[in-house]
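Let me begin by presenting the structure, written as structure tokens, before commenting on it.
The values are calculated or read from the model by the stated rules, or taken from the named source; none is laboratory data. A quick note: this is a predicted structure, and the numbers were derived from the prediction, not measured. Cβ sites come from the backbone with ideal geometry, for glycine too, and all protein chains shown count toward neighbours. Only protein heavy atoms, including side chains, enter the accessible area calculation; ligands, DNA and RNA are left aside. Shrake-Rupley method; radii C 1.70, N 1.55, O 1.52, S 1.80 Å.
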Amino acid sequence: MLMVYAKCVVAGINTQSFLSLAEKLVKETRKEPGNISYELVQGAEAKNIFAFVERWKDQGTLDTHMNTAHFQTLIPQIEKLTEGGIDISVHEVLI
């Protein structure tokens with residue numbers, strides 16, 4: 001199983017637009033085969049820091065996700081609202 005942590009720093013002026021796009025991404029992604037969980041979290045103290053926390057069955061399902069129409073459409077729009085893009089790290093779940 002894979003876990004993805006995709007961190008976004010969003011200026012306050014862009015927060016509502018970011019959340020609107022993120023909600024669409026989360027809703028569509030949760031329907032995908034091989035998706036175990038997909039959530040958006042917000043920093044408890046740093047309210048301008050968000051992260052998509054994802055769990056995928058395997059690399060193949062993650063690759064398929066990144067090629068979906070909703071991902072290809074929404075991610076560039078989301079990136080434009082961030083400060084410095086999206087910082088993505090992929091981890092293998094061990095325990």
Accessible area of the range 17-95 divided out per residue, in Å², using a probe of 1.4 angstrom
63
Give me the accessible area of Val93, 1.4 Å probe, in Å² rounded to the nearest 10.
40
For the range 21-45 and the range 48-93, what is the separation of their Cα centres, given in Å?
9
Three-way shape call for the range 28-95 based on the alpha-carbon gyration tensor, with the a/c threshold at 1.5
oblate
With n ≥ 4 as the cut-off for DSSP H runs, can you work out [θ] at 222 nm for the chain, using -39500 (n - 2.57) per run divided by the number of residues, rounded to the nearest 500?
-11500 deg cm²/dmol
Under a plain spin-label model, where a point goes 7 Å from the Cα along Cα-to-Cβ, how far apart in nm are Thr15 and Ile88?
2.6
Taking Cα pairs closer than 8 Å and at least 6 residues apart, the relative contact order of the chain in percent is 47
Once phi is turned into ³J(HN,Hα) by the Karplus curve 6.51 cos²θ - 1.76 cosθ + 1.60 with θ = phi - 60°, what whole-Hz value does each residue of the range 77-86 show in order, with x for glycine and proline?
5, 5, 4, 5, 8, 9, 9, x, x, 10
Solvent exposure ordering (accessible area, 1.4 Å, most first) of Thr64, Thr15, Thr29:
Thr64, Thr15, Thr29
Given a 1.4 angstrom probe, I'd like the percentage of the accessible area of the chain that is carbon and sulfur, rounded to a whole number.
54
Once R0 is set to 35 Å, what does the formula 1/(1 + (r/R0)^6) return for the Cβ-Cβ distance between Asn67 and Tyr5, expressed as a FRET efficiency to the nearest 0.05?
0.95
Global geometry of the range 1-43, whether rounded, prolate or oblate, following the gyration tensor of its Cα atoms and the 1.5 cut on a/c:
oblate
